[in-house]
Amino acid sequence: MGQGRAALCRSAVPGSYGMSCVRELGEVGMRITVNHGLCDGLGQCALVAPEVFSLDDDERLVVAPDPAPELAGRVAAAARACPVRAIAVEGA
């Protein structure tokens with residue numbers, strides 16, 4: 001994974017189970033929230049939507065900074081694939 005493709009989410013906000021990462025796909029009205037306190041780094045999301053989700057060398061979830069709007073369906077499927085439900089998607 002190249003540095004320009006994705007970056008650790010820097011828009012972290014306190015969540016009920018740790019820190020959360022929020023990304024918005026403005027054109028389609030979708031909001032992606034990742035609860036890093038719940039994420040176990042299993043990578044199911046990265047298998048479903050590798051353009052948006054990946055794991056770094058420490059198995060921390062990395063979210064693309066500007067996901068393309070046409071990936072909205074895959075983002076929603078990736079959230080459903082998460083076994084610990086660490087990814088929430090609104091507006092999909």
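The values are calculated or read from the model by the stated rules, or taken from the named source; none is laboratory data. As the structure is a computational prediction, the values presented were derived from the model and not from experiment. A quick note on method: Cβ atoms are made from the backbone with ideal geometry, for glycine too, and the neighbour counts reach across all protein chains shown.
Miscellaneous remarks
- Scan of the range 39-80 for residues that are more than 16 Å from G91 (Cα to Cα), surrounded by fewer than 14 Cβ atoms within 10 Å (Cβ to Cβ) and out of contact with any Asp or Glu (no Cβ under 9 Å at 6 or more places or on another chain), ordered by number: L47, D56, D57, D58, R60, D66
- Check on G29, modelled with pLDDT of 55 or more, surrounded by 12 or more Cβ atoms within 10 Å (Cβ to Cβ), more than 15 Å from V89 (Cβ to Cβ) and in contact with a Gly (Cβ under 9 Å, 6 or more places away or on another chain): no
Each row is one residue, and each column tells you yes or no for (1) out of contact with any Phe, Trp or Tyr (no Cβ under 8 Å at 6 or more places or on another chain); (2) on the phi < 0 side of the Ramachandran plot.
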site	(1), (2)
A46	no, yes
R60	yes, yes
G73	yes, yes
R80	yes, yes
R85	yes, no
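- One residue from C9, C39 being within 12 Å of the chain's Cα centre (by Cα), modelled with pLDDT under 65, farther than 12 Å from V75 by Cβ and not in a strand (DSSP E or B): C9
- Close pairs (8 angstrom Cβ cut-off, 6 or more residues apart or separate chains): within 13 Å of V75 (Cβ to Cβ) and touching a residue at least 12 places away in the same chain (Cβ under 8 Å) in the range 51-62, surrounded by 15 or more Cβ atoms within 10 Å (Cβ to Cβ) and basic (K, R) anywhere: E51/R74; V52/R74
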